[in-house]
Amino acid sequence: MKRNRPELRIRDLQVFFPHKPRPIRAVDGISFVLHQGETLGLVGESGCGKSTTARAVVGLAPVTSGEVRLEHPEAFETHRGKPSLSFRRRVQMVFQDPYASLDPRNTVGQILAEPLEIHRLAKGKNKLLRCTELMLQVGLDPRFLNRYPHEFSGGQRQRIGIARALALEPEFLLLDEPISALDVSIQAQILNLLQELQGELGLAFLFIAHDLSVVRHLCDRVAVMYLGKIVEMAPKHELFERPGHPYTQALLSAVPIPDPLLEEARKRQVLQGEPPSPERIPKGCAFAERCPKVSERCRIETPVLEERDSSHWLACFEV
């Protein structure tokens, strides 16, 4: 059923985990908007805070400060840590490991029926019909409803995870590296399924990934995270053709080119050193010690994400 689609707004979101002597700043004041029907890619090195951002949005990680706001055409909902049932119905998540995210003691039918029961959306015959519809929607045989997760392949389990997320007819799906645990041939099938569902249901995706080739194929806009902050955000073509931040340039230079001659001839930008610990973020720009364009100002002041060109946002003094 088509509905007027709201927007999901994240403003100054911070997620700090208690740790002595200093807290771990997993997400350090990020803001972005996920528009109706679009796919926003969230990329960056492991440990930069991508998954924690998604978990905080759906209430699975504690929000230290900031807000998550779901804006409807006629109303809005805001949460700062514990979303309402109404919010949870509209914003769902698909996890990276489809085996770990499914209860091994429940059948697929029980897994798909659970959100319907919690939200009191269907019971009896209607519940079974909805579960059957969800299985068909993700390309699985409804006869498998009585099977357990361990009886399925990795790709099939991820389809079940997607079906569970779709059970409540959400408007937003947060996809936390949904294909990274799958074989390459299965990855393409899951990506095609996601695109079909988005076109059919008008969903908006927050797509978290390491594979920038997949991000380029699937996403409309891309946000680049480094050590808990967004350092660049732009439409897909703009970011891949004219990356501004030195960190984004280094990430894109690591993407392999499917041409041996071009791959051998191009010059890569190899970053030196390791990212600082989120427990001990240095003063100024967190990327300063690894940046080839670093200046004295970078070591003193923290750059703010600002709009430079139309829809192209950067947090860098030297660009």
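The values are calculated or read from the model by the stated rules, or taken from the named source; none is laboratory data. Just so you know, these numbers come straight off a predicted model, no measurement behind them. Quick reminder, even Gly has a Cβ in these numbers, built from the backbone with ideal geometry, and neighbours come from all protein chains shown. Ligands, DNA and RNA are stripped out before the accessible areas are found, and what is left, the full protein with its side chains, is counted by its heavy atoms. Shrake-Rupley method; radii C 1.70, N 1.55, O 1.52, S 1.80 Å.
At-a-glance table
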| quantity | calculated |
| --- | --- |
| Test: residue in the stretch 151-170 that is more than 22 Å from the chain's Cα centre (by Cα), open to solvent by 20 Å² or more (accessible area, probe 1.4 Å), on the phi < 0 side of the Ramachandran plot and not small (Gly, Ala, Ser) | yes |
| Complete set of residues in the stretch 12-37 that are of a type in the set (D, E, K, R) and either at pLDDT 95 or above or exposed (fewer than 15 other Cβ atoms within 10 Å of the Cβ) (or both) | ASP12, LYS20, ARG22 |
| Residue check for LYS293: at pLDDT 85 or above, touching a Ser or Thr at 6+ places or on another chain (Cβ under 9 Å) and either open to solvent by 50 Å² or more (accessible area, probe 1.4 Å) or more than 27 Å from ALA26 (Cβ to Cβ) (or both) | no |
| Selection count where residues are surrounded by 19 or more Cβ atoms within 10 Å (Cβ to Cβ), over 16 Å from SER46 (Cα atoms) and within 21 Å of the chain's Cα centre (by Cα), scope the stretch 239-287 | 3 |
| Any hit, the stretch 101-110, residues being in contact with a Cys (Cβ under 6 Å, 6 or more places away or on another chain) and closer than 30 Å to ALA250 by Cα | no |
| Test: residue in the stretch 85-108 that is assigned to a strand (DSSP E or B) and polar (S, T, N, Q) | yes |
| In the stretch 109-134, residue nearest to the chain's Cα centre (by Cα) [restricted to those that are of a type in the set (Gly, Ala, Ser) and either over 23 Å from PHE144 (Cα atoms) or in a helix (DSSP H, G or I) (or both)] | ALA113 |
| Subset tally (residues that are open to solvent by less than 40 Å² (accessible area, probe 1.4 Å) and either polar (S, T, N, Q) or free of Cβ contacts under 8 Å to residues at least 40 places away in the same chain (or both)) for the stretch 207-238 | 1 |
| Failed item, numbered, when GLY139 is tested on (1) assigned to a loop (DSSP other than H, G, I, E, B); (2) under 30 Å from PRO6 (Cα atoms); (3) open to solvent by 60 Å² or more (accessible area, probe 1.4 Å) | (3) |
| Tabulated pairs, the stretch 72-101, first more than 18 Å from ILE208 (Cα to Cα), second open to solvent by 80 Å² or more (accessible area, probe 1.4 Å) and in a loop (DSSP other than H, G, I, E, B), C-beta under 9 angstrom, 6+ apart or interchain | HIS72/ASN4; PRO73/ASN4; GLU74/ASN4 |
